[in-house]
1. Restricting attention to strands (runs of 3 or more DSSP E) lying wholly within the range 48-121, give those where 3 or more residues are open to solvent by 20 Å² or more (accessible area, probe 1.4 Å).
2. Every residue in the range 1-60 that is of a type in the set (S, T, N, Q) and free of Cβ contacts under 8 Å to residues at least 12 places away in the same chain, please.
3. Return the residues of the range 69-121 that are of a type in the set (Gly, Ala, Ser) and within 15 Å of the chain's Cα centre (by Cα); say none if nothing qualifies.
4. Given the conditions (1) more than 26 Å from VAL119 (Cα to Cα); (2) in contact with a Leu (Cβ under 9 Å, 6 or more places away or on another chain), report the number of the one that GLY55 does not fulfil.
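The values are calculated or read from the model by the stated rules, or taken from the named source; none is laboratory data. Bear in mind the structure is a predicted one, so any value in this text is a computation, not a measurement. Every residue, glycine as well, gets a Cβ built from its backbone with ideal geometry; the counts of neighbours run over all protein chains shown. What goes into the accessible areas is simple: the full protein's heavy atoms, side chains included, and nothing from ligands, DNA or RNA. Shrake-Rupley method; radii C 1.70, N 1.55, O 1.52, S 1.80 Å.
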Amino acid sequence: QVRLVESGGGLVQPGGSLRLSCTASGPIFSISTMAWYRQAPGKERELVGNITRGGSTKYADSMKGRFTISRDNGKNTVYLQMNSLKPDDTGVYFCNAGVMPVDRPTYLNLWGQGTPVTVSS
């Protein structure tokens, strides 16, 4: 079965950095756009940004300049580099991607299980 698995979350002090990873595994034929979302405690899930297969990126306005999304198509992996972290960046970060399995000619909208990020001193 195809799935997404995030890693890299944890506790970091304000002003610090973290790099999250999300890898798609299973019998994959193709992956289209990959994205990162986050959900702060008591709030709705929001888009952090996304990246196309060709590497074009878009970010939410509040993340521009601090967060960078990249991907390695050969490793079926998307990364989220987060710098100058603030307590408001605390939340669970989710990976999302359109994944086409080898045995099904359609893209599945997959989500990872999420990785928690806590920004606190």
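1. Details: elements: 57-59, 67-72, 77-82, 91-101, 108-111, 115-119.
By residue number, 57-59, 67-72, 91-101, 108-111.
2. From the range 1-60, those of a type in the set (S, T, N, Q) are 1, 7, 13, 17, 21, 23, 25, 30, 32-33, 39, 50, 52, 56-57; that's our starting set.
Within the range 1-60, just SER56 meets the criteria.
3. Our first condition is that a residue be of a type in the set (Gly, Ala, Ser); within the range 69-121, this holds for 70, 74, 84, 91, 97-98, 112, 114, 120-121.
If the condition is that a residue be of a type in the set (Gly, Ala, Ser) and within 15 Å of the chain's Cα centre (by Cα), then SER70, GLY91, ALA97, GLY98, GLY112, GLY114 are the ones that fit.
4. (2)
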